[in-house]
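Before any comments, here is the structure.
The values are calculated or read from the model by the stated rules, or taken from the named source; none is laboratory data. What you are looking at is a predicted structure, and each value in this text was computed from that prediction instead of being measured. Cβ: placed from backbone, ideal geometry, glycine included. Neighbour counts: every protein chain shown. Heavy atoms of the whole protein, side chains included, go into the accessibility calculation; ligands, DNA and RNA do not. Shrake-Rupley method; radii C 1.70, N 1.55, O 1.52, S 1.80 Å.
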Amino acid sequence: QQQQQQLQQQPQQNGNSLVVDSAGADAEASEPWMQSTTIVVFDLLAINGIGLSHLTLRERRAKLLKVVKEGPCLRIARSIELPVAVGEAAINARVEAARQEMDRALGACSTAALAEKSSSRAAGLVLKQLEGPSSQYLAGRRSSRWQQVEKEQVTGEQAEALLFGCLSSHEFACLPTKDEFSFCVISARRTNTPEGVRDIMCVESQFKNCGVTPLWYVDEASLQAYCALGLDAKVGGKLIPARNMALEDAAKAGKVCVQVSDDIARWDYFDGQSEKRKTLAEANAESKRAERYKVSPVAAAQFILAKMRGADSESKPHLGGVYPLGNTGHAFATDEVSRQNFILGDFFVAEPSSPCRFDTELTLKEDYDYTCSHIKKHGSVMRCNRMIIKAKHETNSGGACSVRDAAGERERENIRVLQRKWPGAIHPHATRPNQIVLRWPKKEQKPPAESSKPPPAESSKPKKWRPPKNAAVIAVA
């Protein structure tokens with residue numbers, strides 16, 4: 001109680017969230033609610049020098065509730081009691097109750113009041129026996145008496161089966177085979193650094209694990225270095241010519257073109273509510289509750305193409321892609337799919353019958369123009385907002401990064417071209433300099449047409465047993 005009073009007298013002291021069952025605190029306190037120290041207590045081992053570890057967890061918890069008075073900086077870890085289960089139906093009911101508590105715990109921090117956030121963060125649950133000899137506390141020893149439970153990420157064939165299970169029956173009937181694709185990796189000047197080579201081999205290995213050999217489109221000066229890595233590579237030239245060459249090669253072969261960036265580490269699909277959440281807090285909570293499937297790039301392309309071909313509208317999309325950001329909360333703040341939004345150039349799927357090509361006048365932000373061309377020509381695109389890639393984008397060496405300049409003038413030059421071509425659709429980003437937003441006009445408005453009058457220049461913009469950080473606790477009878 002004296003420690004609690006001292007903490008309450010200094011509620012704004014600098015520091016990180018501290019929990020007694022945590023392996024470590026956050027490296028940086030970046031939110032206002034993280035600026036004060038909060039202690040979360042989950043057990044009581046002694047009172048006034050008298051040990052309690054021989055008591056059952058139920059008895060220790062009862063004493064804990066009497067001794068500890070909760071305050072702004074002192075909390076007792078949340079727990080629920082699951083009754084004894086006899087019979088299959090009762091066991092299933094108990095498992096479902098634990099599953100619901102897991103979802104609640106994972107999303108609690110996102111929707112909690114400001115004063116409760118620091119004590120609401122959870123990575124999972126800890127299951128504990130509540131009574132009997134196995135509920136006694138064993139100091140300094142690992143034991144099966146506590147079971148850490150986290151929401152596992154599904155991988156491999158099981159993940160892909162679950163991914164395809166997210167398709168409707170009509171979409172599933174449109175599921176293509178991997179032989180229908182031409183997988184093209186657009187790259188340049190990435191073999192000069194160990195980091196670049198690691199990124200290249202990471203992408204190549206993910207395709208090889210699926211029995212697919214992608215074709216690498218590289219600059220002429222780098223061809224020999226790429227081939228020396230055992231890659232199937234050809235000269236594609238600079239970024240835009242290489243993109244168009246990949247499209248042309250796929251169209252000639254009658255195959256769907258899948259263009260891939262050379263720095264993608266993984267493809268994840270988040271299976272949760274299909275409708276967008278009303279607030280960002282709700283979206284963040286939903287993203288943490290969602291099932292996560294780590295899938296291959298081939299499975300991701302198959303999924304996107306099935307969604308494209310199974311679209312229930314007259315304007316069938318000929319271009320599909322992934323959510324353009326790595327923020328899963330923002331992904332759940334929008335619908336599961338969107339039909340007139342930006343398609344990221346790092347990973348997209350294009351039908352061979354589309355005549356749309358990349359504009360050679362552009363050197364950056366060419367994927368915005370390509371998206372607009374598809375929407376104008378075919379009426380829509382297919383962006384899967386629950387499919388998220390992990391890529392370095394603007395931080396890798398080589399490729400488009402070598403085109404950018406520190407002052408951002410090249411970015412602005414390309415933005416002016418886009419605004420001239422697509423007035424009413426390309427807008428400056430509200431907070432990020434030299435970045436833009438694609439907002440396609442509503443149907444009742446006249447679609448933007450290419451304009452010859454330039455706008456005024458302007459800036460656009462291992463699993464180890466250990467209770468997880470601030471884990472919620474379930475006491476199991």
Specify which of the listed residues (Ile343, Ile389, Ile375) is farther than 21 Å from Ala188 by Cα, open to solvent by less than 20 Å² (accessible area, probe 1.4 Å) and outside any helix (DSSP H, G or I). Ile343
Search region 248-271 for residues being over 23 Å from Cys202 (Cβ atoms) and among the basic types (Lys, Arg), and hand back the single one that is surrounded by the fewest Cβ atoms within 10 Å (Cβ to Cβ). Lys252
Somewhere in region 312-319, is a residue under 18 Å from the mean Cα position of the chain (by Cα), buried (at least 22 other Cβ atoms within 10 Å of the Cβ) and not charged (D, E, K, R)? no
Residue within region 114-131 that is assigned to a helix (DSSP H, G or I), among the polar types (S, T, N, Q) and closer than 22 Å to Gly71 by Cβ present: yes
Only unsatisfied item for Ser274, checking (1) within 30 Å of Gln153 (Cα to Cα); (2) among the small types (Gly, Ala, Ser); (3) surrounded by fewer than 15 Cβ atoms within 10 Å (Cβ to Cβ); (4) modelled with pLDDT of 95 or more, is (4)
Region 204-232 - residue that is of a type in the set (A, V, I, L, M) and under 21 Å from Asp179 (Cβ atoms) and, of those, most open to solvent (accessible area, probe 1.4 Å): Leu215
Of everything in region 277-303 that's of a type in the set (Val, Ile, Thr) and touching a Phe, Trp or Tyr at 6+ places or on another chain (Cβ under 8 Å), which residue is surrounded by the most Cβ atoms within 10 Å (Cβ to Cβ)? Val295
Just to be sure I understand, how many residues within region 100-122 are open to solvent by less than 40 Å² (accessible area, probe 1.4 Å) and closer than 20 Å to Glu291 by Cα? 9
Exactly one condition in (1) within 20 Å of the chain's Cα centre (by Cα); (2) assigned to a loop (DSSP other than H, G, I, E, B) is false for Ala285; which is it? (2)
Verdict on Pro133 being surrounded by fewer than 16 Cβ atoms within 10 Å (Cβ to Cβ), on the phi < 0 side of the Ramachandran plot and out of contact with any helix residue (DSSP H, G or I) (no Cβ under 8 Å at 6 or more places or on another chain): yes
Out of all the residues in region 56-90, which are in a helix (DSSP H, G or I) and not aliphatic (A, V, I, L, M)? Arg58, Glu59, Arg60, Arg61, Lys63, Lys66, Glu88
